[in-house]
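Notes follow the structure.
The values are calculated or read from the model by the stated rules, or taken from the named source; none is laboratory data. Note that the structure is a prediction, hence the values are computed from the model and not measured. No Cβ is skipped: glycine too gets one built from the backbone with ideal geometry, and neighbour counts run over all protein chains shown.
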Amino acid sequence: MRRKKLDNKQCLGCYRIFEPRRPNQHYHAAWCQKASAHIKGAERAGYPLPRPALINSFHAFVKENMPPGAIGFRLVCRELDIMLPQPGSPRRDGTRPRSLDFRLEPLEVPLLPLMAVYAVVWVYEGGMALPAHPVQYVSPGWVDEMQGMGEVGRRLRLYLKRKRSESQANKRLIEEQVKNILLLVAADETAAISHQLPPHEQGNPGDDSDTA
């Protein structure tokens, strides 16, 4: 499938104009991004924010459900069998902290690989992480481009490949079922027409046989 052409951008590292390969690409090359990371005070390339209404809804959920003493949170993606964030993975502000948690103060807007329902795990002082009882679930309502992001990206690519295969298999099954139904309908129509003819014009199993 042909890749959709994206609008040209200005590289944040060397300021040259380039054609990005993905929507969240802000440097023209990996080496330029690494070089810029070593420059003190260099601008970090962040990722687009979801719609304000979705952020406000997510903030309201956290504010309403955050237990006393919690200092962070994690999100469990059942579809990918992974807990977010992964250590050292990109964050929305462009940083790559080693922390295993999303911040609560100020509230961090997480990068999410799927439009899905996530189980919430609250984190406390000392790194203790506990899900609420009963477990709380949240569906933030946005999805980010994460197919190239480490372990999350690897699992996401496998998941999407599997879903495409399942979709194609279901499509073939439906097409076969429709074909069989049409054959049955055609056979019923032929039989109905045959019974509507006068007796001397109706088909007879021996009509095509040679007579003596």
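Just to be sure before I move on: is M66 farther than 22 Å from Q25 by Cβ and buried (at least 16 other Cβ atoms within 10 Å of the Cβ) in the structure I sent?
Working: farther than 22 Å from Q25 by Cβ: yes; buried (at least 16 other Cβ atoms within 10 Å of the Cβ): yes.
Answer is yes for this residue.
Taking the stretch 18-27 as the range and being of a type outside the set (D, E, K, R) and either under 22 Å from L111 (Cα atoms) or loosely packed, with under 13 Cβ neighbours inside 10 Å (or both) as the test, the residues that pass are P20, P23, N24, Q25, H26, Y27.
Look at R98 and say whether it is of a type outside the set (A, V, I, L, M), out of contact with any Lys or Arg (no Cβ under 8 Å at 6 or more places or on another chain) and either outside any loop (DSSP other than H, G, I, E, B) or crowded, with 17+ Cβ neighbours inside 10 Å (or both). No; evaluated as a whole, the condition is false for this residue. Screening D210 on (1) loosely packed, with under 11 Cβ neighbours inside 10 Å; (2) at pLDDT 65 or above; (3) not in a helix (DSSP H, G or I) shows it passes everything except condition (2). Does M83 satisfy the condition of being within 24 Å of the chain's Cα centre (by Cα) and under 17 Å from V135 (Cα atoms)? It is true that M83 is within 24 Å of the chain's Cα centre (by Cα) and under 17 Å from V135 (Cα atoms). Restricting the stretch 52-80 to residues that are assigned to a helix (DSSP H, G or I) and among the hydrophobic types (A, V, I, L, M, F, W, C) leaves a set whose member that is nearest to A129 (Cα to Cα) is V62. Being surrounded by 13 or more Cβ atoms within 10 Å (Cβ to Cβ) and either at pLDDT 75 or above or not in a loop (DSSP other than H, G, I, E, B) (or both) is the filter here, so list the residues in the stretch 38-48 that pass it. Answer for the stretch 38-48, where residues must be surrounded by 13 or more Cβ atoms within 10 Å (Cβ to Cβ) and either at pLDDT 75 or above or not in a loop (DSSP other than H, G, I, E, B) (or both): G46, Y47. Consider K34 carefully, then state whether it is modelled with pLDDT under 95, among the charged types (D, E, K, R) and in a loop (DSSP other than H, G, I, E, B). No, not satisfied. None of G141, G126, G148 is of a type in the set (G, A, S), at pLDDT 80 or above and in a helix (DSSP H, G or I) except G126.
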